[in-house]
Amino acid sequence: MKVSDLLLSALRSINRNRSRSLLTMLGIIIGVASVIGMLALGNGATQSIKGELGKLGTNLIMVMPGADQQRGVSTDLANVEILKESDVKAILNLSPSVTYISPVVSTKSQAVFGSNNSRPNVTGGYRDYFFINNYEIKYGQLFDERTGKSLQKVCVIGKTVAEDLFENEKDAVGKIIRLDKIPFRIIGVLEEKGQTMGMDGDNIIIAPFRTVQKRLLGLTYLHQIHAATENEDEVDAAVAEIDDVMTNYLKKVSGGEPQFRIATQKEMLDVMGTVLGLLTLLLAAIAGISLLVGGIGIMNIMLVTVTERTREIGLRLAVGAPSNVILLQFLIESVVISLIGGIIGIMLGYTLASIGGSLMDMTAEVTPSSVLMAFGFSFLVGVLFGFFPARKAARLNPIQALRHE
Amino acid sequence: MEDCVIDIKNISKVFNPGENEVRALNDVSLKIYKGEFVSLMGSSGSGKSTLLNILGCLDQPTSGTYLLDGQEVSGISKSEISLIRNRKFGFVFQSYNLLPKTSALENVELPLLYNSQYSIKARREKAEEALVSVGLKDRIFHKTNELSGGQQQRVAIARALVNEPKVIFADEPTGNLDSKTSYQVMELFQNLNEKGILIVMVSHEPDIVEMSKRKIILHDGKIIEDIEILNPKNAHELFVAADSK
Ligand SMILES: Nc1ncnc2c1ncn2[C@@H]1O[C@H](COP(=O)(O)OP(=O)(O)O)[C@@H](O)[C@H]1O
Ligand SMILES: [Mg+2]
């Protein structure tokens, strides 16, 4: 018997019991649809979070005061007077992998223009700060001094601030606003950054480092150092160099413990990716269980089919069907049921993913690999759970099968 | 000796060995030659079907040897046996055993499905030919449940001869039919036998058996009589006679 004959006979038999076959497929349909849907939504979430983190600059390295977080230091680490501006210079000079570097101080402040006001995050940094954190200028320009030595009272503002204070953000350049009553001239407006991890990335004012440090905050130390490499693959080397400089040259250690910690965006991305990957896997595993249940449903109905068609099987054996062909016939029938269920499931999963994606406002992408996987799984389920009933059919004794009522 | 197709020696068949043991066949020996038309007779439970099933390689004896065309059957692999049943044998059963809700044509095609030398087209032609030869030209596309008992049995005979078998085994082929229809079926068998097909048939109806060439009577699993029928009755004449009544 040719495979095409077997396929045809399987399709006929499925068609003869249409409603029963459909009910049998339901388990597979639900299983495959949820696997496809879950993976698509999981991928979508991963992509969008990675995208958001990517906006912050993938080569970003942050040096912060205080020991590793795991040790649970309870003081307000940002204000520990560990980091000095001279450290920044030392790192730049001694770490060949570091291309951009900036000290960072930040505060929340009141910005006033005429009768309008806004409450942005105010950050002080070098001109490199913009490059490190992927800020682009939309109108105006960046600081003309790299480090802001001359304490110029100029600033660059984010979109939200511009909208709060001005009718038209284009008009902002050149205007004088007051930050904590100190006048600052706006020299640039930033491109929109959008929401990043639920925070408004445009509610920001960036001013030269020393101006913010000395004029606004009156500090002698700094909160963080931000650095970046030219390429992503240099990040690890840069981290090692910075650690070396901080530990061995600048001696930022106390009692053998470092007084600083280094975090990278890459690290955060990796952690995020791992967490989301695990979550996706978990959801897919749960969906996989329903595939298993679907498989048991197939096995059940195939056993019923074999019992119902015992006489037919007996007859086929009597007229010379080899038992392995009988086995193949029932195996193909269960695989066809499972695959049809799988295909319907893939389509349903696709629909679910796009509905879910639009509800959650993200692109839920059904990847070819997940479709392939779903297809493979339904094939496997058909083979695994169809085998036992098919073998039962193949092992029937023709005489007894012919006598079966 | 060349012409000996079936040669069984000291065949026994025991069902449920142990407490409720049934000795269905007890030390049976028998030779059947090319061109024969053999009837197995005997009362119910005498072992006729059991013997026929063993001869048709549908069942295996508990002990004894079976030489089919000089070849020891117990030494043949399962798949080879399937092949023999498919190519050399045809089976006709008392209860027809047709697939329900399926056309006569598809039923007859069934054995050809397991013979890969036939294309779909050749399969169809062969099956149609077989149906025509049993007089069912105008019933080819009828579903089996739309046919009378005699017609169904003729479909079953068409199915048995579609693969051009050497031997046809029939277990009470007329058991469910009235006498007139029985004569029609027997006429088919006589014609097939005429063409050289060996026929082994189980029947307990004496008038049917008289149409074969040899009668073997079983009792309690033993052959008690084995006689040649010198002047077999002509089924066609009997049918015409019955028809004109
Ligand atoms: N599969 C079986 N299991 C147990 N006993 C059987 C089986 N098949 C037949 N028998 C017994 O073997 C004996 C012969 O049966 P069978 O060959 O069918 O007789 P018949 O001559 O009526 O065709 C009977 O007593 C029957 O009950
Ligand atoms: Mg019987």
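Data overview
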item	result
Subset tally (residues that are surrounded by fewer than 18 Cβ atoms within 10 Å (Cβ to Cβ), more than 32 Å from the chain's Cα centre (by Cα) and within 13 Å of residue A:206 (Cα to Cα)) for the stretch A:98-141	1
Index of the failed condition, residue B:204 passing every other in (1) within 15 Å of ligand 1 (Cβ to nearest atom); (2) at pLDDT 95 or above; (3) surrounded by 16 or more Cβ atoms within 10 Å (Cβ to Cβ)	(2)
So residue B:115, is it within 23 Å of residue B:192 (Cα to Cα) and either within 16 Å of ligand 2 (Cβ to nearest atom) or crowded, with 21+ Cβ neighbours inside 10 Å (or both)	no
Residue count, the stretch B:187-206 (criterion: away from ligand 2 (no atom under 16 Å from the Cβ) and over 14 Å from residue B:161 (Cα atoms))	2
Any hit, the stretch B:145-161, residues being within 16 Å of ligand 1 (Cβ to nearest atom) and within 16 Å of the chain's Cα centre (by Cα)	no
Set B:217, B:227: member being modelled with pLDDT of 95 or more, within 16 Å of ligand 1 (Cβ to nearest atom) and surrounded by fewer than 21 Cβ atoms within 10 Å (Cβ to Cβ)	B:217
Failed condition for residue A:394, given (1) closer than 14 Å to residue A:331 by Cβ; (2) away from chain B (no Cβ under 14 Å)	(2)
Residues of the stretch B:17-33 satisfying the condition of being within 12 Å of ligand 1 (Cβ to nearest atom) and closer than 30 Å to residue B:167 by Cα	B:22, B:23, B:24, B:25, B:26, B:28
Which numbered condition residue B:49 misses (of (1) within 15 Å of ligand 1 (Cβ to nearest atom); (2) farther than 21 Å from residue B:173 by Cα)	(2)
Selection within the stretch A:295-331 - more than 14 Å from chain B (Cβ to nearest Cβ) and either under 30 Å from residue A:38 (Cα atoms) or touching a His at 6+ places or on another chain (Cβ under 9 Å) (or both)	A:295, A:296, A:297, A:298, A:299, A:300, A:301, A:302, A:307, A:331
Test for residue A:278: is it in a helix (DSSP H, G or I) and within 14 Å of another protein chain (Cβ to nearest Cβ)	no
In the stretch B:16-31, the residues that are without any contact (Cβ under 8 Å) to a residue 12 or more places away in the chain and either touching a strand residue (DSSP E or B) at 6+ places or on another chain (Cβ under 7 Å) or under 19 Å from residue B:229 (Cα atoms) (or both)	B:16, B:21, B:22
Any chance residue A:3 is on the phi < 0 side of the Ramachandran plot, in contact (Cβ under 8 Å) with a residue 12 or more places away in the chain and more than 14 Å from chain B (Cβ to nearest Cβ)	no
Which numbered condition residue A:124 fails, given (1) outside any loop (DSSP other than H, G, I, E, B); (2) under 23 Å from residue A:50 (Cα atoms); (3) not polar (S, T, N, Q)	(2)
Residues being surrounded by fewer than 17 Cβ atoms within 10 Å (Cβ to Cβ), over 29 Å from the mean Cα position of the chain (by Cα) and of a type outside the set (A, V, I, L, M) - total across the stretch A:180-220	7
Out of A:376, A:357, A:386, A:349, sole residue that is free of Cβ contacts under 8 Å to residues at least 24 places away in the same chain and in the same structural domain as residue A:42 (by TED's automatic domain parsing)	A:376
Every residue from the stretch B:32-64 that is more than 19 Å from residue B:209 (Cβ to Cβ), more than 16 Å from ligand 2 (Cβ to nearest atom) and either in contact (Cβ under 8 Å) with a residue 24 or more places away in the chain or buried (at least 21 other Cβ atoms within 10 Å of the Cβ) (or both)	B:34, B:57, B:61, B:62, B:63, B:64
Counted residues, the stretch B:31-53 - those being part of a strand (DSSP E or B) and at negative phi	8
Inter-residue pairs, beta-carbon under 6 Å, first over 23 Å from residue B:179 (Cβ atoms) and in the stretch B:145-164, second assigned to a loop (DSSP other than H, G, I, E, B), 6+ apart	B:145/B:100
Residues located in the stretch A:353-400, provided they are of a type in the set (A, V, I, L, M), away from ligand 2 (no atom under 16 Å from the Cβ), part of a helix (DSSP H, G or I) and farther than 23 Å from residue A:287 by Cβ	A:390, A:393, A:394
Hits in the stretch B:90-120 - residues which are assigned to a strand (DSSP E or B) and either among the small types (Gly, Ala, Ser) or facing chain A (nearest Cβ under 8 Å) (or both)	B:90, B:91, B:103
Search result, residues across the stretch B:54-69 that are away from every other protein chain (no Cβ under 14 Å) and not in a strand (DSSP E or B)	B:62, B:69
The stretch B:70-89, subset in contact with a strand residue (DSSP E or B) (Cβ under 9 Å, 6 or more places away or on another chain) and buried (at least 18 other Cβ atoms within 10 Å of the Cβ), residue farthest from the other protein chains (Cβ to nearest Cβ)	B:73
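The values are calculated or read from the model by the stated rules, or taken from the named source; none is laboratory data. None of the values given here were measured: they were computed from a predicted structure. Note that we place each Cβ from the backbone using ideal geometry, even for glycine, and neighbour counts take in every protein chain shown.
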